Structure formats: structure tokens, C-alpha cells
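The values are calculated or read from the model by the stated rules, or taken from the named source; none is laboratory data. For clarity, every value in this text was computed on a predicted model and none was experimentally measured. Cβ placement follows ideal geometry from the backbone for every residue including glycine, while neighbour counts extend to all protein chains displayed.
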Amino acid sequence: MIDWSGYLGLILHGALVTIELTLMGSALAIVMAFLGGLGRLSRFFAVRALATAYIEFFRGTSIFVQLFWAYFVLPVAGVTLTPLQTGVLALGLNVGAYAAEVVRGAIQSIGKEQHEACIALNLGRWQGMRHVILPQAFLVMLPTFGNNAIELLKATSVVSLISLADLTFEAQVVRAQTGNTLVPFTTILIIYFIFALAISWAMRRLERRMARGLDGVRV
Amino acid sequence: MEWDWNFVWQIMPTLLEGVKITILATLLGSVLAAAIGLAIALARRSPNRVLSRSVGFAAEFIRGTPLLVQLYFIFYVLPDFGILLPPMVAGTIGLGLHYGTYAAEVYRAGIDNVPSGQWEAAKACNLNARQTWTHVIIPQAIPPMIPALANYFIAMFKETPLLSAITVLELMNQAKSVANTYYRYVEPMTLVGAFFLVISLFSVILLRWLERRYGRVEY
């Protein structure tokens with residue numbers, strides 16, 4: 001009989017690393033999403049081209065390839081990152097590119113009359129965006145951001161392949177040490193599923209919180 | 001370390017072998033996902049509560065957990081139960097099952113979009129359930145969802161590098177093996193990225209064409 005108590009610590013440590021990666025990756029992703037999404041709507045061609053190139057590049061190649069490229073090629077180019085930094089960078093930039101399209105779509109979905117109202121009130125471009133357009137667009141983005149966050153959570157399992165000790169990596173360690181495959185893999189599948197449920201629950205809460213005070217504005 | 005074109009031409013045949021396997025896995029996975037998705041969508045509409053609820057939960061679970069862990073599960077855990085699958089078969093099943101749950105949502109939306117008049121007409125023509133599905137509903141539901149399905153199959157293509165983790169010799173794995181043989185990572189990893197970017201960009205063009213050809217809903 002295998003004594004599982006020692007291995008539980010390993011799995012819990014892996015769960016913490018996965019949470020850490022998901023949170024930091026999401027933070028970077030949301031920054032990149034707004035930079036990329038607003039960049040694509042810029043007045044200046046250069047900014048638009050840069051944002052489009054970023055989005056198409058990161059959506060066109062897979063997260064796996066980006067992660068390996070960052071892990072193996074960047075050190076040769078003289079940039080040394082820890083596996084955790086590499087993971088956060090690849091996850092954040094990849095999911096950020098997908099979320100940038102969400103930001104662009106949500107901003108474009110806001111009616112023309114809102115833009116006209118901004119002009120009528122003599123708001124500048126930035127003021128109108130900040131006080132009128134974005135607060136409404138953000139509500140449209142939230143549900144898709146929730147899906148993006150779950151995609152990011154699932155993508156964190158890939159970092160185990162660049163020797164970062166997340167849930168999947170620790171499950172492999174447990175498998176190697178005990179020879180039992182069913183218990184570690186089933187356990188982490190359930191943990192990932194609970195994390196995914198937690199994200200969608202938190203997003204629904206946030207959505208309800210953000211919608212408060214906007215009744216009658218949006219249909 | 002600089003870019004070496006001679007090395008690029010030397011490793012190109014090996015990488016092209018990998019590209020073949022990558023494309024084969026994507027095609028097989030797509031066929032399987034399309035079939036599994038339809039089965040899940042039909043099961044979820046079943047009047048049998050136990051069937052529809054349990055299939056619904058299973059699909060939710062598969063969608064909330066990482067593909068990599070599912071691949072490990074199929075490849076490492078199933079042999080404990082006497083099911084020993086070759087890597088390529090395990091990989092195809094993993095891809096098909098994971099993306100089948102996404103495809104199921106596309107089918108659901110497609111079927112819901114068939115106007116209720118069509119159901120009533122089928123009933124008026126005295127068609128039984130099987131005839132209604134095969135002759136009336138499915139032929140009308142499928143064309144509008146082709147672009148959305150193709151979108152998921154492109155996403156699947158970008159996830160095929162995960163198969164390298166269960167020893168399938170696809171593009172990523174070939175690149176890693178040549179990189180480890182010659183101890184040069186820059187060229188193989190960059191080429192893998194370039195291959196993925198080029199194939200993705202071509203498939204996006206194909207997707208745009210599919211959208212124009214099938215995306216419109218006409219009644």
C-alpha cells in the first residue's frame with residue numbers, strides 16, 4: 001500500500017504554482033489585451049500595424065511553440081529568464097493576443113450614438129473612451145475574458161514541459177515515484193476542473209457587480 | 001550564435017516528416033471531433049434525463065481540464081485497465097475528444113438555429129424522428145456551422161505539438177530531436193514557429209472563403 005500523505009504536499013505545491021502562473025499570466029494578458037485591442041483601433045497606421053502584427057503572430061503560432069522558442073532561443077540571444085518568467089511571458093502574450101480581439105470587438109459593438117454623444121459633450125478622444133465607451137464595453141468583454149482565463153489555466157499545464165513544477169509536473173513526479181498512474185492524474189484532473197469552475201463563478205460574480213448601476217443603459 | 005542556412009537545409013527533410021504527421025493528426029482528430037461533437041449534441045437533447053445530464057457533465061469536465069493531462073491520462077492510465085494504445089491513436093483520441101466537446105456547442109447552436117417551422121413541417125409530413133434528423137434538420141443545420149467548426153480545427157492544429165509529450169513523432173518532437181542531436185536550438189525551434197505560422201495563415205484564408213461560401217444563413 002502506498003502512503004499518499006507525502007505526495008499530497010507535492011500536488012499542493014504544484015497547485016500553488018499553477019495558481020501563481022494563472023494569476024500572473026492573466027495580469028499580463030489583460031494589459032496586452034488592452035494595448036493590442038486599443039492599438040488596432042488607433043488613428044496612426046504604425047500603431048495599428050504593430051498591434052495587428054502582434055495579434056496575428058501570437059494567434060498564428062501555438063502557445064507550445066512560443067514557450068519552447070522563449071525557453072530555448074532567448075537564452076542564445078542573451079536574454080536569460082527563469083522558467084516561471086518564461087511561462088508567464090508566453091502565457092500572457094499568447095492569451096493577451098486572443099483577448100485583444102475581444103477588446104476590439106467589444107469597443108466596436110458600442111453604438112455610434114455613444115460616440116456622437118461624446119462629441120456633443122465636447123469630450124476628448126481619451127476622455128470619451130475612458131468615461132463613456134470603456135465602462136460599457138468592459139461589460140461586453142467580461143464573459144469572453146472568463147473563457148480566456150480558463151483557456152489560460154488549461155495552457156499552464158504546458159509549462160510542465162519546460163521543467164516548471166506545476167500540477168502536471170508534480171503528477172508526473174508522483175507517477176514516477178509510485179508507479180501508480182490512476183490516482184495522480186485523476187486527482188489533478190479534478191483540481192483543474194475545480195479551478196475552472198472557480199474562475200467561471202468569479203467571473204459571473206464580477207459581471208453582476210459591474211452591471212450594477214447600468215440598468216436601463218444596456219439591454 | 002548566428003543563423004546557419006546549411007543547417008536549415010540539412011534538417012528540413014526531418015522537419016517535413018514531422019509536418020506530415022502533424023497534419024495527419026489534425027485531420028484524423030478533426031474527423032473524430034466532428035463525429036463525437038454530433039454524438040454529444042444529440043445526447044444532450046435526449047429526453048432521457050440521466051443520459052443528457054451525465055453527457056453534459058462529462059463534456060463540461062473535459063472542456064475544463066487541460067488537453068495535455070487528458071493525453072497523459074489516455075496514454076498512461078488506460079494501459080492499467082488493459083487498453084494499450086499506440087501513441088498516435090491515443091493522441092488522435094485525445095484531440096478528438098477534447099475538441100469534440102467544443103464542436104458539440106457549435107452543433108447545439110446550429111441545431112437551435114433551425115426554425116421551428118421546419119420541425120413542424122417534418123411532423124406534418126409524417127416523418128419519424130430518424131427521418132426528421134437525417135433529411136430535414138441536419139442538412140440545414142450543418143452548412144452555417146462549417147466556419148465555426150473550421151475555427152476549432154485550426155485551434156486543434158495549433159495544439160498538436162502537445163502530442164510530442166506522449167512520444168508522437170510530430171513536428172515539435174522531430175525539431176527537439178534534431179536540436180538535441182546537434183545541440184543547436186535556434187534554427188529548429190524558429191522553423192517550427194514559421195511552419196505553424198505559415199500553415200495557420202493559409203488556413204485562415206481558407207476559413208474566410210468558407211465563411212463567404214457557407215456562413216450566410218438562407219431560408
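The criterion of being in contact with a Phe, Trp or Tyr (Cβ under 6 Å, 6 or more places away or on another chain), at pLDDT 90 or above and within 13 Å of another protein chain (Cβ to nearest Cβ) holds for residue B:65.
Filter the stretch B:164-190 down to the residues that are more than 10 Å from chain A (Cβ to nearest Cβ) and in a helix (DSSP H, G or I), then identify the one that is surrounded by the most Cβ atoms within 10 Å (Cβ to Cβ). Give the derivation first.
Going residue by residue through the stretch B:164-190, those that are more than 10 Å from chain A (Cβ to nearest Cβ) are B:166-170, B:173-174, B:177-178, B:180-183.
Keeping just the survivors that are in a helix (DSSP H, G or I) gives B:166, B:173-174, B:177-178, B:180-182.
Details: B:166: 19, B:173: 20, B:174: 24, B:177: 16, B:178: 20, B:180: 11, B:181: 11, B:182: 14.
Step by step, filter the stretch B:164-190, then rank; the result is B:174.
Based on what the data block shows, is residue A:68 at pLDDT 90 or above, assigned to a helix (DSSP H, G or I) and either of a type in the set (Asp, Glu) or closer than 30 Å to residue B:151 by Cα (or both)? It would help to see each step written out before you state the result.
Values: at pLDDT 90 or above: no; assigned to a helix (DSSP H, G or I): yes; either of a type in the set (Asp, Glu) or closer than 30 Å to residue B:151 by Cα (or both): yes.
No: the conditions fail for residue A:68.
Looking at residue A:43, is it assigned to a loop (DSSP other than H, G, I, E, B) and either among the hydrophobic types (A, V, I, L, M, F, W, C) or away from chain B (no Cβ under 14 Å) (or both)?
Details: assigned to a loop (DSSP other than H, G, I, E, B): yes; either among the hydrophobic types (A, V, I, L, M, F, W, C) or away from chain B (no Cβ under 14 Å) (or both): yes.
In short, yes.
Mind checking whether some residue in the stretch B:103-118 is touching a Pro at 6+ places or on another chain (Cβ under 9 Å), part of a helix (DSSP H, G or I) and crowded, with 20+ Cβ neighbours inside 10 Å? Among the residues of the stretch B:103-118, at least one is touching a Pro at 6+ places or on another chain (Cβ under 9 Å), part of a helix (DSSP H, G or I) and crowded, with 20+ Cβ neighbours inside 10 Å, which makes the answer yes. What number of residues in the stretch A:154-173 are among the hydrophobic types (A, V, I, L, M, F, W, C), within 12 Å of another protein chain (Cβ to nearest Cβ) and closer than 20 Å to residue B:80 by Cα? Here the count works out to 1.
Number of residues in the stretch A:75-93 that are in a helix (DSSP H, G or I) and more than 10 Å from chain B (Cβ to nearest Cβ): the value is 11.
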